[in-house]
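Reviewing the structure listed below.
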Amino acid sequence: MLAFRKARRKLRMGTICSPNPSGTKTASEVCNADWMASLPPHLHNVPLSNLAIPGSHDSFSYWVDEKSPVGPDQTQAVKRLARISLVKKLMKKWSVTQNLTFREQLEAGIRYFDLRVSSKPGDTDQEIYFIHGLFGIKVWDGLMEIDAFLTQHPQEIIFLDFNHFYAMDEAHHKCLVLRIQEAFGNKLCPACSVESMTLRTLWEKKYQVLIFYHCPFYKQYPFLWPGKKIPAPWANTTSVQKLILFLETTLSERAPRGAFHVSQAILTPRVKTIARGLVGGLKNTLVHRNLPAILDWVKTQKPGAMGVNIITSDFVDLIDFATTVIELNDLLEDRALTKC
């Protein structure tokens, strides 16, 4: 039965988003654009907090601007060093954590986005940008790219997690929230009970976007969910063994109700890690060689109230990450069939 479900779902969603001249499928080309719509009916009433959902870490960092000032998320020492043009080129190698644009990530199946935002020094128009060491694209441009996808795929649900804010006063926050409203309009889901968030409920109300806002400002708007509703424990380690132990421990401590849960399956470089692999960058020094072990851990997991929910990764296109996470939902049995 499980093998049959997998085969049936692959027929529905395993198409190529962008044709490859070689005729083969790479991880970034397998199209999971409608994977939520393709889930079997018995999962339509399961809370989203009990499903396995693929996400990306520092989701926006596929492009950063070497010519812009260093971000306010960096220390004064780094800002002084960055006056040397070569330093910014090296920073880029460690700031970029994804290869795919928002649209490409969505087509690959990513549904959770880790977002860090900032105003830019010297700007007078209150424009907000994505930030990870260096400034990325304007938040507005990213939101519009996401909304265009959602309009074309009305049964797909996304999580936008605004969890770091830099150099932002009340006026900046108001500007950002207004942008969010303008981009998504009636697609925005009001904050309510986590357990009531099922695909069927969201489809009926035509909601597609859950916004999490890790700032007290969320209290002023009904469509902003508090950050505590989506905890994302961070291992902060370069060791894949320590990371996996941390992921197992935090899953065992997960609250069974009242919140989503993010398993950050990522490794974080230390200063000495960067020094040793300065030119190689994050992908070549730390991520590429450890991703297979991380994916092996993902394959052993099961979603559910005490299992995995959202799992995030760096460079989601380097391995078949999104599809592997999505297929974990095949482990959630159809209770009607089980009773038979």
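The values are calculated or read from the model by the stated rules, or taken from the named source; none is laboratory data. Everything numeric here is computed off the predicted structure, so don't read it as measured data. Note that we place each Cβ from the backbone using ideal geometry, even for glycine, and neighbour counts take in every protein chain shown. Just the protein is used for accessible areas: all its heavy atoms, side chains included, with ligands, DNA and RNA removed. Shrake-Rupley method; radii C 1.70, N 1.55, O 1.52, S 1.80 Å.
Just name the residue that is modelled with the lowest pLDDT out of those in region 33-66 that are open to solvent by 10 Å² or more (accessible area, probe 1.4 Å), touching a strand residue (DSSP E or B) at 6+ places or on another chain (Cβ under 9 Å) and assigned to a loop (DSSP other than H, G, I, E, B).
Ranking the candidates gives GLU66 first.
Output the residues belonging to region 189-231 that are touching a residue at least 40 places away in the same chain (Cβ under 8 Å), open to solvent by 40 Å² or more (accessible area, probe 1.4 Å) and within 27 Å of ALA265 (Cβ to Cβ).
GLU195, HIS214
Determine whether region 175-184 contains at least one residue that is of a type in the set (Val, Ile, Thr) and open to solvent by 10 Å² or more (accessible area, probe 1.4 Å). Talk me through it step by step, then tell me what you get.
First pass over region 175-184, keeping only residues of a type in the set (Val, Ile, Thr): 177, 180.
Cutting the leftovers down to open to solvent by 10 Å² or more (accessible area, probe 1.4 Å) gives us none.
No, every residue in region 175-184 fails to be of a type in the set (Val, Ile, Thr) and open to solvent by 10 Å² or more (accessible area, probe 1.4 Å).
In region 112-132, which residues are in contact with a Lys or Arg (Cβ under 8 Å, 6 or more places away or on another chain) and in a loop (DSSP other than H, G, I, E, B)? Spell out the reasoning first.
We begin by selecting, within region 112-132, every residue in contact with a Lys or Arg (Cβ under 8 Å, 6 or more places away or on another chain); these are 127-132.
Hit for region 112-132 is GLU127, nothing else.
Any idea which residue in region 78-92 is modelled with the highest pLDDT, counting only those that are over 20 Å from THR273 (Cα atoms) and among the charged types (D, E, K, R)? Lay out the reasoning, then the answer.
Applying the first criterion (over 20 Å from THR273 (Cα atoms)) to region 78-92 yields 80, 83-85.
Filter once more, keeping what is among the charged types (D, E, K, R): 80, 83.
Working: ARG80: 76, ARG83: 72.
Of everything passing the filter in region 78-92, ARG80 is modelled with the highest pLDDT.
Would you say VAL139 is in contact with a Cys (Cβ under 8 Å, 6 or more places away or on another chain) and open to solvent by less than 20 Å² (accessible area, probe 1.4 Å)?
Details: in contact with a Cys (Cβ under 8 Å, 6 or more places away or on another chain): no; open to solvent by less than 20 Å² (accessible area, probe 1.4 Å): yes.
No, not satisfied.
Quick one: would you say PHE315 is in contact with a Gly (Cβ under 9 Å, 6 or more places away or on another chain) and of a type in the set (Phe, Trp, Tyr)? Steps first, answer last, please.
Details: in contact with a Gly (Cβ under 9 Å, 6 or more places away or on another chain): no; of a type in the set (Phe, Trp, Tyr): yes.
Answer is no for this residue.
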